[in-house]
Amino acid sequence: TGWQPTLNTAGPSPTAAPKNAPRNPPTNKIPHLTTAITDRSWPCAHAFNMDWDKFVAEIESAANKRRLAEKQTNIGQIAKEIGGDEGLAWVMSQTFVKKTLKSPSSASFGSLFTGDWQKPSDVTKHLGNNEYRINAWVDSQNSFGATLRKKFTCVVRKNDDNTWSCLSVHVEE
């Protein structure tokens, strides 16, 4: 019936790879896959008339999308556990505040481990209509590389489709 793509976990595939397929897949791009996809089973890309780079890109793209979805779900679950929508508003305000900073990657909003944690219920006020005002602080580097603590106010709204919008953000100078 012809060659069928399979994952080789117990030795060579009983059917031969297509004649036009190279014996071994390139290993420099995705070495973690070459342990499961061996010389006789990897040519599934050829069976579907795909080139190897496109095949690899699609696998990596799917894996990245899955990891991003898991990360977003985990952040949402943690935020809900520490304060429901107030916790989510607190997390989303951090995202919006970072966009206004000179060095967003240096931003720190406190941590339980350093003892300067800002509790969502202490910094977040529900304004009604799914709107929240967050009054808190952020440590971040300025243009000269010095870390400064700045107070900020951010107003966010939870939309009907469970996305969040920033209505206003002000970081002190």
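Extension gain for residue 125 to residue 166 (0.36 nm times residue separation, less C-alpha to C-alpha distance): 13.3 nm. A straight chain from residue 141 to residue 116 at 0.36 nm per residue would run longer than the Cα-Cα distance by 7.2 nm. Taking all protein chains together and rolling a 1.4 Å probe, residue 116 ends up with roughly 50 Å² accessible. Here the Karplus relation 6.51 cos²θ - 1.76 cosθ + 1.60, evaluated at θ = phi - 60°, turns the backbone of the stretch 112-124 into coupling constants of 4, 6, 9, x, 10, 5, 9, 6, x, 5, 7, 9, 10 Hz, with x for every Gly and Pro. Between residue 108 and residue 59, full extension at 0.36 nm per residue minus the direct alpha carbon distance yields a gain of 14.2 nm.
Amide hydrogen proximity for residue 116: with H placed 1.01 Å from N in the peptide plane, the residues at 5 or more positions away or on another chain lying under 5 Å are 111.
When 147, 163 are compared by accessible surface with a 1.4 Å probe, the order from highest to lowest is 147, 163.
The values are calculated or read from the model by the stated rules, or taken from the named source; none is laboratory data. All values reported here derive from a predicted model rather than from experimental measurement. With ligands, DNA and RNA removed, areas are computed over all heavy atoms of the protein, side chains included. Shrake-Rupley method; radii C 1.70, N 1.55, O 1.52, S 1.80 Å.
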